[in-house]
Structure formats: C-alpha cells, structure tokens
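Take a look at the structure set out below.
The values are calculated or read from the model by the stated rules, or taken from the named source; none is laboratory data. Note that the structure is a prediction, hence the values are computed from the model and not measured. Don't worry about glycine lacking a Cβ; one is built from the backbone with ideal geometry, like all the others, and counts go over all protein chains shown.
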Amino acid sequence: MAGSARRRLTVLVLHAEAADNATLSYQRGWPRHLREHPALEARLVNVLEGTAVRRLLIGLRFGRRRYDAAILLHSTCSNAIQVPERLVDALGRASFPVVLFLGNEYKLMPEKLALAERLRVALLVSQLESEPALDLYRARLGCTVIGLPNTGLDPELFRPGPAPAERGIDLGYRAYDSPLYLGHAERREIADTFAEAGARRGLALDISLDPGARFTEPEWARFLAGCRGQLGTEAGGDYFELDDRTRIAVNAYLDDHPAAGIAEIRARFFDGYEHPVPGRALSGRIVEAAGTKTVQLLLDGEYGGWFRPDEHYIPVRKDFSNVDEALDKLADQAVCHDLTEAAYAVVTEQLTYTRLVDRLLDALDPLVQ
C-alpha cells in the first residue's frame, strides 16, 4: 500500500541511544526515519532515559495517550536487553500490537526470544531474509515474521561523492572483527588480504578493524564519499541457531584455549555441522556505500538477493584466489562506473528508509485494530 494512501498511525517507538552506539548508523537512522515518515505520528522514547521511561509507564497505566502499535528497535536488544523490566511487563499487557526488531541474531537468542514472548509480540522483524531462518521464528513464536535489511539508505546523508579521480582513498574499510563463534573470520581475512595486495600496488589505503577508528554517521558518509572502493562481507554467519548452543560451546572452549584460531574452531565445531540454517544478512555498510557511488569489492554471498556479482559489485572469492583480478577491475573506470550506477539504482529505488518503513507498515496494517 502506498504511504500516501494509509491511515496515519500513532506509534510508540522505543530505542536505546547512548555514546556506545554512536557509530552504528542503523541504530540512529531507524528512529529518525520512523519519526519523519508521513504515515506515522511517532513518539520516540529512549529506554536508557529513566525520566522518559517513568513518564511513559504512567501514561500507559492511566491510558493518557492512545497508540496503534509499539515498535521496539534493534538497539533495545542487540548486545543486551535494554528495556526495563517494568516497561516489558506494561507492554505485554497492552491492547495494541507490539513490534520487535531483532539485531545481532547470533548471540543472546534465548534472551531475545524470551523478551518477544513476554511482550506477546505480534510482529517480529528480523534482519535475516532467508525463509528457513524466518520459519524457525514463526514455529517458536507463532506470530507474523518478516525480514528487512537492518539499514536503509538516508539519501540526504549518503549521497554520491566526487568523481573517482577526485577521491583520495583507493580502498577503504571499517568493520568490527567477526567473533570466532560465527565460524569464520572473513572481515579480518579480507582486511589483511587487501591491505597487503593494495600496498604492493601502491594504492592509497584506509583499512581498519580497530573499534576506535570507527565513524559517526556524518563522518562515515564523508569517509565513503572519499573512497573509490570499499571492501565488504555479509553480516552474520552460516549457522543460525535459536538456542546459542554453538556460541556457548565455542566461548567455553576459548576460555580454556585462548590461543585457538579460526582453523581450530572450524575443525572442532563447524566441520560436519548437520543441516545448517543460513544466518547471513545484508550489512548496512553496503547499502550506504552504494548511496555514495563507491564501488564495492565483496566476498561471495547472497546479500539478501539485492546485489549480484559483476552487476552491482566486484566479487571476491572466499579463498581469495582472484584478488589480483578484483583489483584490476577496481582500476577499470568503465567497469566501476557501471557497477556503481547499478548499485545506486537498487538502494535509491528499493532500500531507502522510506521504502523499508512502507514494507514494515504493509505487515503491520493487518494487525492494527
């Protein structure tokens, strides 16, 4: 349904905003764009602000404000459950539907599912887009479940940068290191491989996995606009679980064997893993780089079905056997032009926050009384 044809909904939007998530653009972007969407009157409450939460609890108790739905965003439960217990209980008793966005769906899954059950969630929004993973949620929770990319494009912030010849960085990258319990070390491997290969070619590089080298949203947009190329991988891993059993086992093993590397972890915990469920997600870094028309060198993957090799990005094999070929393509202006134009069309036509909120509302509308 087009946004202009919708009944305007009044929604309570819960998010967690603090200094430690200032570099996570999706955690800052979703509240902003829900507030700005024309089909919504959104009341934002930061669950880390005690006074705001107390006022909300009083309002919910005495019915001082009517809501069509409550939306709890990724930041409320990505790395910890941030929602105060009393607020969870109040929302669980509410007469309006509750929507829960899940982030980092590779850890604390029992806690996140328990939260969903206590909230009596009507709509679960996963950042995964594989049906086997979504079906696991449906079977466990019995609610409506959809997959949405965790980051949309903000076209006012992530807009096309200068011409490639005017960009000072040939190849850039920022990411967190992958935890070994995901069963891979792709971010470290792609960073190290291209740092070495790019240096041999005399490229201007700015590649780092140092958490202290990350950027706020505006800084990140400027960084991407100054890069001719960006490295990237899919988020998540290939072994999605609702019970965290492999994560718990790997972490226990690492406590006793702190020097263990990814090869040892893979051999012990992942080789021979039966019937794995994909847990990969489209990283917001890829959406945002496409918005700045920065060509991307990405490891082989699905990327939510949105981006395809040699159509939207330069593919890099996971054994890194085609690194030189990938760098040759990066040096080809015609190839890079075609890739960036195609990727830009995808994000501006399909993956803006406005389009993602529209998809959210398509799923929410039937649940609203």
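Of note:
- Region 320-369, residues that are assigned to a helix (DSSP H, G or I), of a type in the set (Gly, Ala, Ser) and assigned by TED's automatic domain parsing to the domain that holds residue 293: 326, 334, 342, 343, 345
- Boolean, residue 49 is without any contact (Cβ under 8 Å) to a residue 60 or more places away in the chain and farther than 26 Å from residue 182 by Cα: yes
- Among residues of region 92-103 that are in the same structural domain as residue 57 (by TED's automatic domain parsing) and under 16 Å from residue 13 (Cβ atoms), those with a Cβ under 7 angstrom from a residue that is assigned to a loop (DSSP other than H, G, I, E, B) and among the hydroxyl-bearing types (Ser, Thr, Tyr), sequence gap 6+ or separate chain, pair up as 96/67; 103/78.
- Considering only residues in region 70-94 that are at pLDDT 95 or above and among the hydroxyl-bearing types (Ser, Thr, Tyr), the one that is farthest from the chain's Cα centre (by Cα) turns out to be 76.
- Looking across region 18-32, the residues that are crowded, with 19+ Cβ neighbours inside 10 Å and either closer than 24 Å to residue 59 by Cα or aromatic (Phe, Trp, Tyr) (or both) come down to 26, 30, 31.
- Within region 148-162, the residues that satisfy the criterion of being crowded, with 20+ Cβ neighbours inside 10 Å and either out of contact with any strand residue (DSSP E or B) (no Cβ under 9 Å at 6 or more places or on another chain) or small (Gly, Ala, Ser) (or both) are 151, 152, 158, 161.
- Among the conditions (1) under 12 Å from residue 78 (Cα atoms); (2) among the small types (Gly, Ala, Ser); (3) in contact with a strand residue (DSSP E or B) (Cβ under 7 Å, 6 or more places away or on another chain), residue 103 misses just one, which is (3).
- Region 243-296, subset of a type in the set (Phe, Trp, Tyr) and crowded, with 17+ Cβ neighbours inside 10 Å, residue nearest to residue 147 (Cα to Cα): 270
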